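A short write-up of the structure that comes next.
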Amino acid sequence: MRMDHDLADMLRYENVAWYEDGAVKILDRRIYPIKREFVTCHHYGEVAQAIQDMVTQSAGPYTAAGMGMALAAYEGRDLRGKDQWALLEKAAATISNARPTTKDRMEQVTKGCLMVAKENLGPSCADAIFSYTVQAMDNRYGRIDKVAKHLVDKMPQEAKVMTQCFGETIVGTMIREAKNRKIDLTMVCPETRPFLQGARFTASVARDMGIDVTVITDNMAAFYLENQGVSFFTSAADAICMDGTIINKVGTLQIAICAKYFGIPYYCTGIPDANHLKGEDVEIEFRDPEESLSAHGIKHTLEGVKGFYPAFDRTPSSLVTEIITDQGPFKPDDLNQYKMDEDNFYNFAV
């Protein structure tokens, strides 16, 4: 049984990113769930561009990266061994650097694909990388399922959980585990402007899996925490630094501040990043400021009004109650107790 069993439609492997017949199909999350369409890529550079353009996001780029490497191998199927290898190295660099904040994790993905490719150069290389990517996805979903079990341990029998942005795999596995334990779970999702990942993705996954879910605007989070009763606030992370700093979608910091003020636990989920020792060492991606002046192509400001759009923020360890990992919960200051292993490909906090 695949580890995406009983999850929402958009979390099924084929509906994230999928390589087949010399092309990669990626669910277009820029328009989902209003429309369910796929972007088809015939060149690995198009996969990198799709990642940069946020055709897919959250954990989607890690899957797309592996599938993009399979596509690169297909593109070089008729090249001699050293030439195919050079193409794959170029593809790995291009795909890994599609977005700066997640570069280290993307490099883990492409490094794993290169390891497989080195032993399978030739016409069969694309199939070998594809098979590796699917198995790695299953491993990652399985590892995040362990995270979900530890997170659900924190839930009362009647639980109301506030999320931030779209944690992807952890959202689905958390809901699946809560349902298995017959927990009466309700969720509240801040919309996550300007891309609306909370409203469009987290809420869609919850609804698809039969959970009572409410969407609030981002500036309602403090009011909701104060007046509506929340069991805990949770988010995934684009990076969990070894000093306990959480790098996640911009807006995580302000909700964490509010949660701390109102005495509500904040549980971050995922796998610590050994390569990120301190939060200030992580580069924060700044996207086109025009994106903050519009929604779904509709501009809301007069010409000449300026925008500002950091894609992520840094939440200090002092605002984090615990970091929930596959090895159990850790206090932010105790991440050095987490036992790193060599099998870290695709084992991301998603």
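The values are calculated or read from the model by the stated rules, or taken from the named source; none is laboratory data. Predicted, not measured: the structure shown is a model, and the values here were computed from it. Glycine gets a Cβ as well: all are built from the backbone with ideal geometry, and neighbour counts include every protein chain shown.
Please count how many residues of segment 292-315 are within 14 Å of M54 (Cβ to Cβ) and within 20 Å of the chain's Cα centre (by Cα).
Total satisfying the criteria: 3.
Under the condition of being assigned to a loop (DSSP other than H, G, I, E, B) and charged (D, E, K, R), which residue from segment 241-273 is surrounded by the most Cβ atoms within 10 Å (Cβ to Cβ)?
We begin by selecting, within segment 241-273, every residue assigned to a loop (DSSP other than H, G, I, E, B); these are 241-245, 250-251, 262-265, 270-273.
Filter once more, keeping what is charged (D, E, K, R): 243, 273.
Working: D243: 17, D273: 23.
In this case the residue turns out to be D273.
Listed residues E37, E75; which is modelled with pLDDT of 95 or more and closer than 29 Å to I175 by Cβ? Lay out the reasoning, then the answer.
Working: E75 fails: closer than 29 Å to I175 by Cβ.
The match here is E37.
What residue, of D218, D184, is within 19 Å of C258 (Cα to Cα), out of contact with any Phe, Trp or Tyr (no Cβ under 9 Å at 6 or more places or on another chain) and either of a type in the set (S, T, N, Q) or surrounded by fewer than 22 Cβ atoms within 10 Å (Cβ to Cβ) (or both)? Give the derivation first.
Numbers: D184 fails: within 19 Å of C258 (Cα to Cα).
The conditions single out D218.
Write out, first by first residue and then by second, each pair whose Cβ atoms fall under 6 Å of each other, whose residues are 6+ apart or on separate chains, and whose first residue, in segment 81-107, is without any contact (Cβ under 8 Å) to a residue 60 or more places away in the chain while the second is buried (at least 18 other Cβ atoms within 10 Å of the Cβ) and not in a helix (DSSP H, G or I).
As it stands, the answer is G81/L121; Q84/G76; Q84/L121; L87/G76, since those pairs meet every condition given.
Give me a count of the residues in segment 173-211 that are touching a helix residue (DSSP H, G or I) at 6+ places or on another chain (Cβ under 8 Å), among the acidic types (D, E) and not in a helix (DSSP H, G or I).
At the first step, the residues of segment 173-211 found to be touching a helix residue (DSSP H, G or I) at 6+ places or on another chain (Cβ under 8 Å) are 173-178, 181, 183, 185, 187-195, 201-202, 204-206, 208-211.
Right, trim to among the acidic types (D, E) and you get 177, 191, 208.
Add one more test, that the residue is not in a helix (DSSP H, G or I), and what stays is 191.
Looking only at that region, the number is 1.
When you go through (1) at pLDDT below 95; (2) hydrophobic (A, V, I, L, M, F, W, C); (3) under 19 Å from D9 (Cβ atoms) one by one for F195, which number turns out not to apply?
(3)
Do we find a residue being surrounded by fewer than 23 Cβ atoms within 10 Å (Cβ to Cβ), within 19 Å of G167 (Cα to Cα) and either among the acidic types (D, E) or in contact (Cβ under 8 Å) with a residue 60 or more places away in the chain (or both) anywhere in segment 47-55? So that I can check it myself, show each step before the final result.
We begin by selecting, within segment 47-55, every residue surrounded by fewer than 23 Cβ atoms within 10 Å (Cβ to Cβ); these are 49, 52-54.
When the remaining residues are screened for being within 19 Å of G167 (Cα to Cα), the result is 52-54.
Of the ones still in play, those that are also either among the acidic types (D, E) or in contact (Cβ under 8 Å) with a residue 60 or more places away in the chain (or both) are 53-54.
Yes, segment 47-55 has at least one match.
Which ones in segment 7-36 are out of contact with any strand residue (DSSP E or B) (no Cβ under 7 Å at 6 or more places or on another chain), surrounded by 13 or more Cβ atoms within 10 Å (Cβ to Cβ) and not in a helix (DSSP H, G or I)?
Listed by number, the residues that qualify are L7, A8, R12, Y19, R29, R30, I31, Y32, P33.
Tell me, which residue of segment 291-350 that is among the aromatic types (F, W, Y) and modelled with pLDDT of 95 or more is farthest from A236 (Cα to Cα)? Lay out the reasoning, then the answer.
Applying the first criterion (among the aromatic types (F, W, Y)) to segment 291-350 yields 308-309, 312, 330, 338, 345-346, 348.
With modelled with pLDDT of 95 or more added as a condition, the list becomes 308-309, 312, 330, 338.
Values: F308: 23, Y309: 20, F312: 12, F330: 15, Y338: 17 Å.
Ranking the candidates gives F308 first.
Do you know which residues across segment 117-140 are within 19 Å of G81 (Cβ to Cβ), of a type outside the set (S, T, Y) and surrounded by fewer than 22 Cβ atoms within 10 Å (Cβ to Cβ)?
Within segment 117-140, K118, E119, N120, L121, G122, P123, D127, A128 qualify.
Taking the stated definitions as given, is A91 more than 19 Å from the chain's Cα centre (by Cα), buried (at least 24 other Cβ atoms within 10 Å of the Cβ) and not acidic (D, E)?
Working: more than 19 Å from the chain's Cα centre (by Cα): yes; buried (at least 24 other Cβ atoms within 10 Å of the Cβ): yes; not acidic (D, E): yes.
Yes, satisfied.
It is to be established whether one or more residues within segment 219-232 are of a type in the set (F, W, Y) and in a helix (DSSP H, G or I). Please lay out each step first, then the result.
Of segment 219-232, the ones of a type in the set (F, W, Y) are 223-224, 232.
Checking the rest, the ones that are also in a helix (DSSP H, G or I) come to 223-224.
There is at least one residue in segment 219-232 that is of a type in the set (F, W, Y) and in a helix (DSSP H, G or I).
Where residues in segment 156-172 are touching a Gly at 6+ places or on another chain (Cβ under 9 Å) and not aromatic (F, W, Y), which of them is surrounded by the most Cβ atoms within 10 Å (Cβ to Cβ)?
Restricting to residues being touching a Gly at 6+ places or on another chain (Cβ under 9 Å) and not aromatic (F, W, Y), the top hit is G167.
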